[in-house]
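Down below is the structure, laid out as structure tokens.
Please treat every number below as a calculation from the coordinates, not as lab data. Note that the structure is a prediction, hence the values are computed from the model and not measured. Cβ: placed from backbone, ideal geometry, glycine included. Neighbour counts: every protein chain shown.
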């Protein structure tokens, strides 16, 4: 699709994708800052900063962002990931200037009123406590903690409760000033607009913003794992859970297309971007057949966590009642061994490719999802990350799927979390 | 309308490069009578194989063309939705029609679904938000009305359901009568006729007609706590019956709900609980309006230490609707939001298909979207205040708290 890319003098990268026949506009700003850039004792600060950027500053008073977007009938939100933080608003295209004003104020002029910072402390803790109610969150947090000992992927973006209780306003504000700058961000517009007019407006809104010195490069590298790591969580819960994670290379690595096909063969495909898939649960895959069809599990999912630095390929299973972890692990081991020893049939590879390509279309459903896809791409590498990956997935030879299974799905480099559900007392 | 009674609605959105569809048949919980759980069981089995294809082959066929197809059971409807490309539309709709008309209901799949349902019972029983909302629904729509009961029926009921019950339910209720299918995206008239209407017209008639939906019995407000000591956070659910979708109060109520617990970061309620006091990450309201009734509900997740303060603050906001009704600026903002949101809410294929389906199901007419701005603008301010005072009251609402709270006495 026609996409215009330009970088302002202050370093802000602008990506414009006009869609002439739509009346809506989705404006996204992605900052290259996530929990990956945090240090122990300050975990969760990036996410907390995200919350603070809805509370005004500069031309915007407290509550103004809500009010302005609501009056337009728009939708807005923000997401903090390990590698990036994204903000968006989808509004009628006629209100482009409003979106640009909000985002330019947010970039350098957020207020961080001490009273508001304090009020938000309990909100972010409440967000974490809501997640703690779900056993899946405990398992996920444990898995990343187990798999990464050195790299900040060790913690999740929500951060640890004790850090959220102790963080102070000035630390958060410093974090904001350091990372929220035009040269550490990309602005993405998708929808009904004229690119020349949009570019002019963008220059007016963003060109005056001063850049910061570039963020330091990531110095922490996770050492190679030697030996399987295991953790058993024993807590009240509704069902036993099993999660396994294998180290995989960074999103931009040449093996990623083959790992995507491998993941699809194992557990189906639900798109590169979260949210587009809804409740859709693929069934035409090896693990569904081996675990759900056989009634050993009620749910199974596979996802490659593609990140700037090496991430994980994760399998998660909800065990059927009365089925042991050992039994499910044995089935997983068998399926992984099969992938590592035998080249998948052409029909299976073709099916995986077709799923991947259909999802590429489904993820272009409307301006918001397109904005999200381009932003995730920018957060990881470049706006066209998804398109490049798709072009490479077409070319993956079936043998490569077996080879990457053999290279990465190794017992000594995996981490395993078993959740043993205990009966809750009332 | 097709020859067999099914209704097909379509709208081209060529900039979205695929086809999305959403449809329904009046074969939800209303149709199951006292065979609780059979509608849910049936909906989960529709991808479990047909006379032509086993479950595995069906999945291979569907995912082999990169399409998606889902079935869900609801209070009134068996609904289905999916996505496919222009080139695979015909095959996807053929698979849909096969699933609806010739499901095989193999015993192996029935056993699998039975296990899945039991697991869902366990998972839901451990979820504070789901438990609070499920109990609230039961209180607001008592006596096992379909709007209030668990769609899965009971654990014992699930154990008793046999293949013959599922087959009988399917034969009686799943057919073209009352079927609505809305499709949007990369389509044109020819594609609709050859790839959607033609396969859809092959659906055979079901045995029974469209089931009547009885109005819900009267609600007697109650307070319930569900102790879940192992949880970190407590969920509050408050709610009361409101009106059916076609009721004259609906649009005023919808706007009042927006102002009270949705607009911006959750309206008046969110401003108080989240923004000013930092008590909750989420605190919002919802309005569901169906054929024979509706429910207004409020949900908030709070630390148990803040439970009393949160409930008091909710009470204060409900009372404020009487003492300090929505002022003109608030109403003006709400109206602008509802009119403007039409552009934004219809930017996706899936959302357009859902709206088309909604318009057809509730008989709003295909010109509804053109009329919508006028409907909103014509709402009188005093009417919006009146319905808020009438329906959003502490005394008229039930309240449920689920979480680490003990068997405390609650007052709202």
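Distance between Cα centroids, the range A:209-265 to the range B:18-32: provide it in whole Å.
The range A:209-265 and the range B:18-32 have Cα centres spaced 39 Å from each other.
Order by neighbour count: B:121, B:41, fewest other Cβ atoms within 10 Å first, most last.
Numbers: B:121 16, B:41 27.
Final ranking by Cβ density, sparse to dense: B:121, B:41.
Two decimals, Cα atoms only, Kirkwood Rh: what is Rg/Rh over the range A:291-426?
Working: Rg = 18.0 Å, Rh = 17.7 Å.
Computed over Cα atoms, the ratio is 1.02.
Please state, rounded to one decimal and in Å, the Kirkwood hydrodynamic radius that the range B:155-247 gives when every pair of distinct Cα atoms enters the mean of 1/r. Intermediate results must be reported in sequence, preceding the final value.
On the way: mean 1/r = 0.0518 Å⁻¹.
About 19.3 Å for the range B:155-247.
Over the Cα atoms of the protein assembly as shown, each weighted equally, I'd like the Debye log10 I(q)/I(0) at q = 0.08, 0.10 Å⁻¹, rounded to two decimals.
Per q value, in the given order, log10 I(q)/I(0) is -0.73, -1.26.
Give the order of A:9, A:120, B:381 when sorted by the count of other beta carbons within 10 angstrom, beginning with the fewest. Before the final figure, lay out the partial values.
Numbers: A:9 10, A:120 21, B:381 17.
So the residues, fewest neighbours to most, are A:9, B:381, A:120.
Take residue A:253 and residue B:246, extend 7 Å from each Cα along the Cα→Cβ direction, and tell me the distance between the two endpoints in nm.
The two pseudo-label positions are separated by 6.0 nm.
Among DSSP bridges having both ends in the protein assembly as shown, what percentage is antiparallel? Round to the nearest 5.
Numbers: 90 of 115 bridges.
Beta bridges within the protein assembly as shown, antiparallel portion: roughly 80 percent.
How much mean residue ellipticity at 222 nm does chain B get from its helices, if each DSSP H run of length 4 or more adds -39500 (n - 2.57) and you divide by all residues, to the nearest 500 deg cm²/dmol? Spell out each step's value before the answer.
On the way: 14 runs with 169 residues, N = 412.
Dividing the helical sum by the residues of chain B leaves -13000 deg cm²/dmol.
How high is the relative contact order of chain A, given as a whole-number percent (alpha carbon pairs under 8 Å, six or more residues apart)?
Reported as a whole number, the value is 22 percent.
How big is the Rg/Rh ratio for the range B:7-200, C-alpha atoms only, Rh by Kirkwood, two decimals?
Values: Rg = 17.5 Å, Rh = 17.6 Å.
Looking at the range B:7-200, the ratio lands at 1.00.
Relative contact order of the range A:272-426, please, whole-number percent, based on alpha carbon pairs below 8 angstrom and at least 6 residues apart.
Reported as a whole number, the value is 22 percent.
Compactness ratio of the range B:165-307: Cα Rg over 2.2 N^0.38 Å, N = residue count? Provide the component values of the computation, followed by the final result.
Details: Rg = 22.0 Å, N = 143, 2.2 N^0.38 = 14.5 Å.
So the Cα radius of gyration is 1.52 times the expected 2.2 N^0.38 Å.
Give me the compactness ratio for the range A:76-150, meaning the Cα radius of gyration over 2.2 N^0.38 Å. Don't skip to the end; give the middle numbers.
Numbers: Rg = 17.1 Å, N = 75, 2.2 N^0.38 = 11.3 Å.
Compared with the compact-globule rule of thumb, the range A:76-150 sits at 1.51.
Given the C-alpha atoms of the range A:4-206, compute the convex hull and give its volume per residue in Å³.
Values: hull volume 26.6 nm³, N = 203.
Given the Cα convex hull of the range A:4-206, per-residue volume reads 131 Å³.
Where does helix B:89-101 land angle-wise versus the long Cα axis of chain B, in degrees 0 to 90, nearest 10?
Taking the Cα atoms of chain B, the angle to B:89-101 is about 80 degrees.
Using the basic label-point model (7 angstrom from Cα toward the beta carbon), what is the residue A:194 to residue B:382 distance in nanometres?
It works out to 4.8 nm between the two label points.
Would you look at the GNM of chain A, springs on alpha carbons closer than 10 Å, and say which of A:296, A:312, A:261 moves the most?
With Cα springs under 10 Å in chain A, the top fluctuation among A:296, A:312, A:261 is at A:296.
If I build a Gaussian network model for chain B, linking alpha-carbon pairs within less than 10 angstrom, which residue out of B:57, B:335, B:152 has the largest mean-square fluctuation?
Largest GNM mean-square fluctuation: B:57.
Mind jotting down the distance between the C-alpha centroids of the range B:135-207 and the range B:354-369, whole Å?
After rounding, the separation between the Cα centres reads 19 Å.
Can you give me the Cα centroid spacing of the range B:309-331 and the range B:371-399 in angstrom?
13
Taking the Cβ-Cβ separation of residue B:122 and residue A:212 as r and a Förster radius of 60 Å, what is the calculated FRET efficiency to the nearest 0.05? List each step's numbers first, then the result.
On the way: r = 51 Å, r/R0 = 0.84.
Efficiency for this residue pair is about 0.75.
Add -39500 (n - 2.57) for each DSSP H run of 4 or more in chain A, then divide by its residues: what number comes out at 222 nm, to the nearest 500 deg cm²/dmol? Working shown, then result.
Values: 14 runs with 173 residues, N = 426.
My calculation for chain A gives -12500 deg cm²/dmol from helical runs alone.
More than 13 Å apart: what percent of Cα pairs in the range A:24-93 qualify?
Values: 1614 of 2415 pairs.
Looking at the range A:24-93, the distances longer than 13 Å represent 67 percent of pairs.
Taking R0 as 45 Å, what FRET efficiency do you get between residue A:3 and residue A:230 from their Cβ-Cβ distance, rounded to the nearest 0.05? Walk me through the numbers before you get to the answer.
Values: r = 46 Å, r/R0 = 1.02.
After rounding, the FRET efficiency stands at 0.50.
R0 = 56 Å: FRET efficiency of residue A:305 with residue B:1, Cβ-based, nearest 0.05?
The pair residue A:305/residue B:1 has a calculated efficiency of 0.70.
Consider all pairwise Cα distances in the range B:79-161 and report the whole-number % of them above 20 Å.
Cα-Cα pairs in the range B:79-161 separated by more than 20 Å: 56 percent.
How big is D, in µm² s⁻¹, for chain B by Stokes-Einstein at 37 °C and 0.692 mPa s if Rh is the Kirkwood radius over C-alpha pairs?
Rounded to a whole number, D works out at 143 µm²/s.
When 1/r is averaged over all different Cα pairs and the result inverted, which Kirkwood radius in Å belongs to the range B:223-403? Display every interim value, and only then the final one.
Details: mean 1/r = 0.0578 Å⁻¹.
One decimal place: 17.3 Å for the Kirkwood radius.
Of A:284, A:186, B:323, A:26, how do they rank once you tally other Cβ atoms within 10 Å and put the fewest first?
On the way: A:284 23, A:186 26, B:323 7, A:26 31.
With the fewest neighbours first, A:284, A:186, B:323, A:26 line up as B:323, A:284, A:186, A:26.
Under a point spin-label approximation (7 Å from Cα along Cα-to-Cβ), what is the residue B:212-residue A:94 distance to one decimal in nm?
Between residue B:212 and residue A:94, the simple spin-label model gives 4.8 nm.
Using only Cα atoms, what Kirkwood radius does chain A have, in angstroms?
Values: mean 1/r = 0.0438 Å⁻¹.
22.8 Å is the Kirkwood radius here.
Picking from A:391, A:93, A:360, which is most flexible by a Gaussian network model of chain A using Cα springs under 10 Å?
A:391
Given N residues in the range B:1-45, what is its alpha carbon radius of gyration divided by 2.2 N^0.38 Å? Let's see the in-between values first.
Numbers: Rg = 15.6 Å, N = 45, 2.2 N^0.38 = 9.3 Å.
Output field value: 1.66.
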